[in-house]
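Please treat every number below as a calculation from the coordinates, not as lab data. Note that the structure is a prediction, hence the values are computed from the model and not measured. Neighbour counts run over all protein chains shown; Cβ positions are idealised from the backbone, glycine included.
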Amino acid sequence: MAPPIVVQVVVDKPLAQGFDYLWDSEKLGSDPEVGLLVELPFGRSCLVGVVIKVSAHSEFKLDKLKSVSKLAPLKSFDPAALRLMNFASQYYIHALGETIIPAIPQMWKKSENWDKIPKKLIAAAEKKKKKMTQGKSEGFISESELNDEQRDALGKIRTCTEKEMEFKAILLQGQTGSGKTAVFLNWLSRVLEDTSAQVLLLVPEINLTPQLERRVRAYFPEKEMVVLHSGVAEKDRGIAWYEAMTGKAQIILGTRLAALTPIPNLRAIVVDEEHDPSYKQQDGIRYSARDLAIWRAHDVKVPILLSSATPSLETWMAAKTGRYEYIRLDQRAQGAGLPKVHLINTREPQNQFSPGDIGRPKDKSVVTKTLAHAISKNLEDKKQSLILINRRGYAPVLSCGACTWLSKCQHCTSYMVMHKAGALTKKSVLSCHHCGLAKSIPSHCPDCGNADLKTLGQGTQKIEDAIEQMWSDARVLRVDTDASKSSKGAEELFQEIHNGKVDIVVGTQMIAKGHDYQNIGLVGVLDADGRLFSQDFRAAERLFAQLVQVAGRAGRAGKDNQAGGDIYIETQYPESAVFQYLLRHDVDGFLSHTANERQEAGLPPFSYQALVHAEGRSLDKAIQFLAGIKGYLKKQSSISSALRVYDPVPKAVMRVAGSERAQLLIESDSRKQLQEALEIVDRELRENSQGRISKATRVRWLIERDPIAI
Ligand SMILES: [Zn+2]
Ligand SMILES: [Zn+2]
């Protein structure tokens, strides 16, 4: 009799260990291999899992072991992909199974599909080939068309990456409109001359991908390219992932969820807009796709290029200190000038409308007179205006003027936002952005019966209304997630702007990202002050990056559009650093100012942080649970002196959907010692938990490494 084969398999559960199963080669039609996807009986159900070990022994009695029931028609994960998963699992304190399995597209996790998939795949791939040959050549700039500065940058990138099998991290810093994309796509084009080479191109947002996708296709019409983001249909995503992991696709373009895709012949990585917070996964395993990409490049010894107009402080400092190659693009391509920044001090009366002013809006708080005049002038010049306000809906709160009633959510410690009737909702509603609860708008105050309810503050809908009323001849378009979920998708909304069918665009940060608008003469920013004083120490950095980005939308491209356009920012605090550096277009000045602040305060990147999140039925329980962890860490004499463990605190939005939430911040100057502490905590918590729910307090917990929002 042949010796038994035992495989160890991990499944999508918060369990540190793998499970032993018997492997019947004859029945499964193949010998076992590390990295294979299989189906197995688990408890009373069936689960998919990945083989992580093959041996002839088990700690358990062989006759007690169950057998692997089915094998997916997939080749095994390549060794580098498995190393990446292992690293992510360890670093982000997440079990290996709950790291690997969620990274596999849904299509491959349904074992009932396994018999039909291969046929489907071939059919789909054929169809895709046809589609590819019909592609347009939008935005293609060949190497010979690059300007001197771009050509110089491309030359430098090639020189420092010409050695094979060498890790190299490069920061390509250049202001918006300086043509970074054309530089890195021309770089990749040389890398891809080797027809077995694969490259990974990460981009931050879904709404960025269609435009960039066309642009990348234009560069590589002959190359197999796949796109991975949450907007891709399940089946297409399954096929794309398959083509990446089999080495068939040469270009893998995707958002953060592409970060864990197996890419066996990876030769280069680009992370576009590397500072963007959307690279951070905010549920499940809370990884940073950018940081994982850097680790991955280092692991497989390939170059990685990080591109940004406003690099993250971490990356910028690494470039400054010579750990990364530092390449700059300081001119705007196609000769467009820099946008002129205007700070409108909303405290100064001359900026405000007075009673009797012509064109004064009904609600005089919506825009200042100064901005209104600038918009009128811009309309006369036949240019488009972008108005940015970072809040969707009509107004953030509904209030009663006669008593103290406010539209609080009954499940969350937040207010319900008023949304006016539109394509999404047939009638006006109050909606909670945290738990999703929606209610009709009360006609009278629920507390005192007063019929005169007022809105406080403003969102995109209110600004849209006000602007339509102030400029009744102008064509106004709102762009936010609500509008893009309605009949028209984001892509279609942006197309209307590109085609010049719109005069004034009102939108959230969605409008700031990556779109090459052709005719924007003016950008107006409302309500930026809220983020100057956020409790989150990264808020100012984020605001600065966003303002630079949105400013960059003004005055791009266009042969006769040599002027850089204008950006107007309404603020009560024009003297604050964010605005002052923006006024001078001084990105490096702002970063160096921020670096000094962080160093003085001992904040990242001068220290390392982790959060323990706790969520329970009462705040007391959650706080008590976290206090227990703090006490436990104090007792770990080997490590406690290297840590700063703060007191547990309720989260900014303390109650969401009936759960009360708190967090514990752990900080250290040593990455290694922080890691050690987290592993100790994790082990202790697991021993006393069922999954991630504490047995004693029923508090649900999660450890997050390198949080970006505190
Ligand atoms: Zn009332
Ligand atoms: Zn709620």
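Assigning unit charges at the beta carbon (Lys, Arg +1; Asp, Glu -1) and nothing else, what dipole magnitude in debye, to the nearest 20, does the chain show about its Cα centre? Walk me through the numbers before you get to the answer.
Details: 96 positive and 85 negative charges, 314 e Å.
Roughly 1500 debye, rounded to the nearest 20.
Please say if region 1-96 is rounded, prolate or oblate, where rounded means a/c under 1.5 for a ≥ b ≥ c the square roots of the C-alpha gyration tensor eigenvalues, and otherwise the choice is prolate for a/b larger than b/c and oblate otherwise? Display every interim value, and only then the final one.
Working: a/c = 1.71, a/b = 1.42, b/c = 1.20.
In terms of gyration-tensor shape, prolate.
How much length is gained on full extension from Asp452 to Lys119, taking 0.36 nm per residue of separation minus their Cα-Cα distance? Spell out each step's value before the answer.
Details: separation 333, 0.36 × 333 = 119.88 nm, distance 6.41 nm.
Difference between extended and current length: 113.5 nm.
Please list the non-local residues whose amide H lies under 5 Å from the amide H of Leu643, H modeled 1.01 Å from N, same-chain partners needing a gap of 5 or more.
Sorted by chain and number, the residues that satisfy this come to none at all.
For n ≥ 4 DSSP H runs only, could you compute -39500 (n - 2.57) per run for the chain, divide by its residues and tell me the 222 nm figure to the nearest 500? Don't skip to the end; give the middle numbers.
Values: 20 runs with 215 residues, N = 710.
About -9000 deg cm²/dmol.
Could you give the longest part of the chain that holds none of the GluC sites (Glu not before Pro) found in DSSP loops with at most 14 neighbouring Cβ atoms within 10 Å?
Numbers: sites that count: Glu33, Glu59, Glu138, Glu162, Glu164, Glu166, Glu193, Glu222, Glu575.
By the stated rule (loop sites, at most 14 other Cβ atoms within 10 Å), 223-574.
Considering the Cα trace of region 589-645, what is its radius of gyration and what is Dmax, both in angstroms?
Final numbers for Rg and Dmax: 15.8, 46 Å.
Take the Cα gyration tensor of the chain, multiply each eigenvalue by 5, square-root it, and list the three semi-axes largest first, rounded to whole angstrom.
Details: eigenvalues 388, 225, 135 Å².
They are 44, 34, 26 Å, listed from largest to smallest.
Can you pull the Kirkwood radius for region 153-291, inverse mean 1/r over Cα pairs, to one decimal in Å? It would help to have the intermediate numbers written out before the result.
Details: mean 1/r = 0.0646 Å⁻¹.
Evaluated over region 153-291, this radius sits at 15.5 Å.
Quick one: work out the % antiparallel among DSSP beta bridges in the chain, nearest 5. Can you show the working numbers first?
Numbers: 57 of 110 bridges.
Approximately 50 percent, going by the DSSP bridge assignments.
Have a look at the DSSP beta bridges in region 167-310 and tell me what percent are antiparallel, nearest 5. Intermediate results must be reported in sequence, preceding the final value.
Working: 1 of 24 bridges.
Counting DSSP beta bridges with both partners in region 167-310, the antiparallel share is about 5 percent.
Please report the equivalent ellipsoid semi-axes of region 318-412, computed as sqrt(5 x eigenvalue) of the Cα gyration tensor, largest first, in whole Å.
Details: eigenvalues 286, 143, 35 Å².
Output for region 318-412: semi-axes of 38, 27, 13 Å.
Just the number, please: Stokes-Einstein D of region 559-710 in µm²/s, Kirkwood Rh from C-alpha pairs, 4 °C, 1.567 mPa s.
Details: Rh = 18.1 Å.
Using the Kirkwood radius from Cα pairs, D works out to 72 µm²/s.
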